[in-house]
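What follows is a set of notes on a single structure, which appears directly below.
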Amino acid sequence: MNTERLAYLHRQYAANVLTSEERLELKAVFNDPASETAFQDLAERLWQVEDDTPSLSKSELDQIYGDIVELPQSRRPKKLWPRLAGVAAAIALIFTGLYFFKQSTRPVAETASFVNDIKPGTNSATLTLSNGKRIRLTDAVNGELARESGIVVSKTADGQLVYEVKSGDADPGKINTLSTAKGETYILTLPDKSKVWLNAASSLRYAAALTKGGKRVVRLTGEAYFEVAKDAEHPFVVETDRQQVRVLGTHFNINSYADEPAVKTTLLEGSVRVEAKNRDAGVVVLKPGEQASLASSGGIGVQEAEGDDVIAWTKSKYIFEQESMEAIMRTLSRWYDIEVVFKGNSRNKLFMGTISRKENLSKILEKIAFTGGVHFKIEGRRITVEE
């Protein structure tokens, strides 16, 4: 493949006018070692011409190019471009990753396999008060929603739930639950000003006054990101089915979905103590940039993790780093409320890249299919993944 032909295919892809034959040709080029020189020539051209990526400055282009092509393996950043082997893989990401990495709005064509489409999730949740009253927050008007024992619960204009202590007679026995279905997410501010981002198909149970028995205790099912207000006299405790996380003031994410193989606690700031309810599994204290992983059997493992990548969902995107298709589709199934069926070895295929949670499902699957070595078929809310 010569550089001119590769440049033509790139222009066709960027303009979203690739024919089916050209798309197959481009995919074949990525797997051809003989195209490495053409890849490198094209990369140099792209980084010299700002018009190809109008949302990036010259300095940003130079920085990204240096990061993914010129730097040695050990010095490459751990964000979107980790552990890339060779120029071919890097330039493949120019085609499929650079544009949506910078959240380009350029459309992606749907293939014939997309019989219909599925919209992304929304900012919505259900609040259940201590008296059993259920409030659909999407339908609720802005302003005060409830008042219980000195606690005022309000919905803000930007669609968040806020608890405020209005008097000193708050009753710790008043239990509230905020829950999201598949395709829903919501932000909650607790009485102590701690903030919680609740992901799809999750729930958080807590006392309306929050503090009970000298502790601030919440119970989580699913996934949430916490920014906990500092209070040395009242530790903040997050309980899940398999573990307890204890902090004073810090930023961390807990993924405790029942269908995930492990509960993962990722620390971004401060310090947390993770203790398995099965005491034989042990206790660990995390430092920023570490992730505790607790499987249903075995002890707690600790590894390095990119916190910003883990909480990318709170910023309306997903960052996948060599994730299996099975793990990716579990994540997407919660946001798009879909059923997933795998054929052949498709569940073990790997994918890395950044995708927006604001796009329709067909656009997400197009991007994954282009680099992930799989194909998708949408039938209603049923997605078939095959090689």
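Computed quantities for the displayed model
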{"quantity": "Nonlocal amide H pairs with Glu290, under 5 Å, H built at 1.01 Å", "calculated": "Leu267, Ala305"}
{"quantity": "At most 14 other Cβ within 10 Å, DSSP loop - GluC sites (Glu not before Pro), region 174-233", "calculated": "Glu233"}
{"quantity": "Gain on full stretching of the segment that runs from Thr138 to Thr177 - 0.36 nm per residue minus C-alpha separation", "calculated": "12.5 nm"}
{"quantity": "Other-chain or far-sequence residues with amide H under 5 Å of Glu379's (modelled H)", "calculated": "Thr384"}
{"quantity": "Overall form of region 242-318 per C-alpha gyration tensor (a/c, 1.5; a/b vs b/c)", "calculated": "oblate"}
{"quantity": "Net charge of Cβ neighbours under 15 Å - reference Lys349; Lys, Arg +1; Asp, Glu -1", "calculated": "0"}
{"quantity": "Positive-pole candidate from Ala327, Ala262, Ile364, dipole of region 260-382, charges at beta carbon", "calculated": "Ile364"}
{"quantity": "Rg [Å, one decimal], Dmax [Å, integer] - region 316-387, C-alpha atoms", "calculated": "10.8, 31"}
{"quantity": "Approximate spin-label separation Arg205-Ala157, in nm, with each point projected 7 Å along Cα-to-Cβ", "calculated": "3.6 nm"}
{"quantity": "Too-long pairs where the Cα-Cα distance tops 24 Å, listed order kept, from Lys182/Lys264; Lys133/Lys317; Lys119/Lys182; Lys166/Lys215", "calculated": "Lys133/Lys317"}
{"quantity": "Part-to-part distance (alpha-carbon centres) for region 316-352 and region 198-243, which is given in Å", "calculated": "28 Å"}
{"quantity": "Stretch gain in nm, segment Asp41-Glu269, where the contour uses 0.36 nm per residue and the Cα spacing is subtracted", "calculated": "77.9 nm"}
{"quantity": "Rough spin-label spacing in nm, given labels placed 7 Å along Cα→Cβ, for Arg219 and Ser149", "calculated": "1.6 nm"}
{"quantity": "Magnitude of the charge dipole, region 206-266, Cβ model with Lys/Arg +1 and Asp/Glu -1, debye to 20", "calculated": "240 debye"}
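Quick note: the coordinates plus some simple rules give every number you see, no bench work behind them. A quick note: this is a predicted structure, and the numbers were derived from the prediction, not measured. Here the Cβ is made from the backbone with ideal geometry for all residues, glycine too, and neighbour counts use every protein chain on show.
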